[in-house]
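Since the structure comes first, as structure tokens, the remarks are kept for the end.
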Amino acid sequence: MTIEILLLILSGLISFGFTMIAYMIQRNEKRRAGREEIRDVNMLCLINCNNATLSLTEAVAIAMKNGKCNGEIDAARQKANQVRNEYSEFLTQQGVKHLR
């Protein structure tokens, strides 16, 4: 009779342990998914920054070749400023999340 009680207690403890392990795995998967989403947004922002830099560089090269600025540089600068502000806002949001 006492052996049965001990086995019942032991199986309950093992069951509780496996339940806790499953909970921890599930929680880590949720965290990982959130991190991957943030990483994807960060990569998109970096790609946009790179594209804006290339546009600005190309506009400057065209202006230097032609010897005049015909609006291409202004459009490229606006795009670069917009992308820089979006990326700065993203980084600020991530910093605020880490402070919580």
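The values are calculated or read from the model by the stated rules, or taken from the named source; none is laboratory data. Here the structure is a predicted model, which is why all the values come from computation and not from measurement. Cβ sites come from the backbone with ideal geometry, for glycine too, and all protein chains shown count toward neighbours.
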>> List pairs: first residue in the range 18-43 and touching a residue at least 24 places away in the same chain (Cβ under 8 Å) and within 28 Å of GLU89 (Cα to Cα), second residue surrounded by 10 or more Cβ atoms within 10 Å (Cβ to Cβ) and not polar (S, T, N, Q) anywhere in the structure, Cβ distance under 8 angstrom, at least six positions apart or on different chains.
In response: VAL41/PHE90; ASN42/PHE90
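Among the residues of the range 51-69, is any under 21 Å from HIS98 (Cα atoms) and either in a helix (DSSP H, G or I) or in contact (Cβ under 8 Å) with a residue 12 or more places away in the chain (or both)? Steps first, answer last, please.
Going residue by residue through the range 51-69, those that are under 21 Å from HIS98 (Cα atoms) are none.
No: zero hits.
Being modelled with pLDDT of 85 or more, of a type in the set (Val, Ile, Thr), over 33 Å from the mean Cα position of the chain (by Cα) and in a helix (DSSP H, G or I): is that true of ILE25 here? Before you say what the answer is, go through the steps one by one.
Details: modelled with pLDDT of 85 or more: yes; of a type in the set (Val, Ile, Thr): yes; over 33 Å from the mean Cα position of the chain (by Cα): no; in a helix (DSSP H, G or I): yes.
Criteria not met by ILE25.
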> Which of the residues that make up the range 71-100 are more than 16 Å from the chain's Cα centre (by Cα), among the small types (Gly, Ala, Ser) and in a helix (DSSP H, G or I)?
Replying inline: ALA75, ALA76, ALA80
